[in-house]
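Derivation of every value follows stated rules applied to the coordinates shown; laboratory data play no part. This structure is a prediction, so every number in the text was calculated from the model and none was measured. Please note: Cβ atoms are built from the backbone with ideal geometry, for glycine as well, and neighbour counts cover all protein chains shown.
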Amino acid sequence: MTIRGRKQDKPRRYSIGVVAETFGIHEQTLRMYEREGLLVPSRSARNTRYYTDNDLERLQCILNLTREMGVNLAGVQVILGMRDRMEEMRQSMMALVDYVREHVAAHSANALARVPPMHLVPAELLMTDLAAQARPPAPPRDGQR
């Protein structure tokens, strides 16, 4: 994105007053969210708070939870912590998937034989077949041999 012909290198930053006015809350509310650890704005060299677009998304989530759903700040903290943890797990899973794809692609050329993909079988059928195979044969009835 360009601004007056220049490439925008830095993400947009918003002062506490602009954020408070935009969301219709008091500046002290933003400071309280920071004290509670719900928001962590960046700071300038002169210790001025600046909020990024990611901070604004998080603030919108906080306000939705408190205003629309009636969640208290302790609940918001738990929910946001779980949300952050889920995002970390999603990123880890995507990194693992990428690693496996790269590993399979790198080693598939060295495979001795290519195996077609397995067909999907419902687990119930598979378990039924395995149970039937594991059953011992029925003993012969009287008079039968």
*Gain in length, Q60 to R90, computed as 0.36 nm per residue apart minus the alpha-carbon separation, to one decimal in nm?*
8.6 nm
*Nearest-20 debye value, the stretch 9-108 charge dipole, Cβ charges on Lys, Arg, Asp, Glu*: 280 debye
*With θ set to phi - 60° and the Karplus curve 6.51 cos²θ - 1.76 cosθ + 1.60, what are the ³J(HN,Hα) couplings of the stretch 92-98 in order, to the nearest whole Hz, using x for Gly and Pro?*
5, 5, 5, 5, 5, 4, 4
*Built amide H within the under 5 Å cut-off of V71, gap 5+*: T66
_Ordering of 52-59, 72-79 by burial proxy (mean other Cβ atoms within 10 Å per residue, highest first)_ = 52-59, 72-79
*Report, to two decimal places, the Cα Rg of the stretch 9-108 normalised by 2.2 N^0.38 Å (N = number of residues).*
1.42
*asked:* Can you give me the long-range amide H partners of E36? Hydrogens built in the peptide plane at 1.01 Å from N, cutoff under 5 Å, separation of 5 or more residues or another chain.
replied: none
*Taking the simple approach of a point 7 Å from Cα along Cα-to-Cβ for both R46 and S15, what is their distance in nm?*
0.9 nm
